[in-house]
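Q: Dropping a structure here in structure tokens format, bear with me for questions.
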Amino acid sequence: MIAAVRGEVMVRRADHVVIDAAGVGYRLAVSAETLKVVPAAGNDAFLHAELISREDSLALYGFASEEERDLFRLLISVSGVGPKVALAALSGGAARDLLRAIAAGDAKRFQAVPGIGKRTSERIIVELREKVAGALEEEVAVAAAEGGDPRALARDGLVNLGYAPLEAEQLLDGLDESDPQELVASALRKAAATRSGA
């Protein structure tokens, strides 16, 4: 399995790049976000990769970060979301912003993506929300095990998910849980309730 590609950029197009790695040109489909960090032809580049094998084809997808690749994997795990649609979703903003939209239950964020309708965007939220929140809670739990103020750890967790520090503080206001994981979960529910009520 091809996990990463490093080499000289041969071709740089709107939807793909070709990287020469030790004499082999790898064509990687990329999101607009990843394309921003790929240098002009003739320069060296490094991309994380995901190989998708289908009955009639092999396709290689490139990502500027592991976070974007992991989100791609999550998106294609949702019924009705193929690799091309997942790349289109990733082109709509930074991976951190998309994770935040999922955690906050912002289905409209995905409806703006070509190829994603209302039902698919709602399915993305329903199927991935707990996974995204669960991953964040795991990070917070590890930090908590190392010691620290529960509220500060929860705030850091929310900031890692993409919330501004002030926004994270506002979400934590009025919450009295003593466990960082519970604080994060309550803050995300509060964010979702605020968004749906807006």
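Taken together, the values in this text are just the output of simple stated rules run on the coordinates, not laboratory data. Every value quoted in this text rests on a predicted model; they were computed, and no experiment measured them. A quick note on method: Cβ atoms are made from the backbone with ideal geometry, for glycine too, and the neighbour counts reach across all protein chains shown.
Q: Testing the spin-label approximation: label points 7 Å from Cα along Cα→Cβ at residue 37 and residue 195. State their distance in nm.
A: Placing both labels 7 Å beyond Cα along the Cβ direction yields 2.3 nm.
Q: Let me ask another. Taking only complete DSSP H runs, can you tell me which helices of the chain stretch 20 Å or more along their own long axis by Cα positions and average at least -0.5 on the Kyte-Doolittle scale? Each step should come with its number before you reach the end.
A: Numbers: long enough: 118-145 (40 Å, 0.00); 180-197 (25 Å, -0.19).
Counting only whole DSSP H runs, the qualifying helices are 118-145, 180-197.
Q: Let me ask something additional. Which one, 104, 157, 83, projects farthest toward the positive side of the charge dipole computed for the chain from Cβ point charges (K/R +1, D/E -1)?
A: Going by the charge dipole, the pick is 83.
Q: Ok, one more. Under 1.5 on a/c is rounded, so check that first for region 46-91, then, if it is not, pick prolate when a/b is larger than b/c and oblate when it is not; a ≥ b ≥ c are the square roots of the alpha carbon gyration tensor eigenvalues.
A: Working: a/c = 1.96, a/b = 1.16, b/c = 1.68.
Oblate, since a/c reaches 1.5 and b/c is not below a/b.
Q: Once you put a point 7 Å from the Cα of residue 112 and another 7 Å from the Cα of residue 169, both along the Cβ direction, what distance in nm separates them?
A: In this crude spin-label approximation the distance works out to 2.8 nm.
Q: Taking the DSSP beta bridges in the chain as the whole, what percent of them are antiparallel, to the nearest 5?
A: Working: 22 of 24 bridges.
Looking only at bridges with both residues in the chain, the antiparallel portion is about 90 percent.
Q: Test of understanding: given the chain, find the longest segment containing no trypsin sites (Lys or Arg not before Pro) that are in a DSSP loop and have at most 14 other Cβ atoms within 10 Å.
A: On the way: sites that count: 13, 36.
By the stated rule (loop sites, at most 14 other Cβ atoms within 10 Å), 37-198.
Q: Another one. State, to one decimal in nm, how far the label point of residue 97 lies from the label point of residue 151, with both points 7 Å from Cα in the Cβ direction.
A: 3.1 nm
Q: When only alpha-carbon atoms count, how far does region 1-64 stretch along each of its three principal axes, as whole angstroms with the largest first?
A: 34, 26, 16
Q: Given 0.36 nm per residue, what is the gain on full extension from residue 178 to residue 22 after removing their alpha carbon distance, in nm?
A: Details: separation 156, 0.36 × 156 = 56.16 nm, distance 5.37 nm.
Once the chain is fully extended between residue 178 and residue 22, it gains 50.8 nm.
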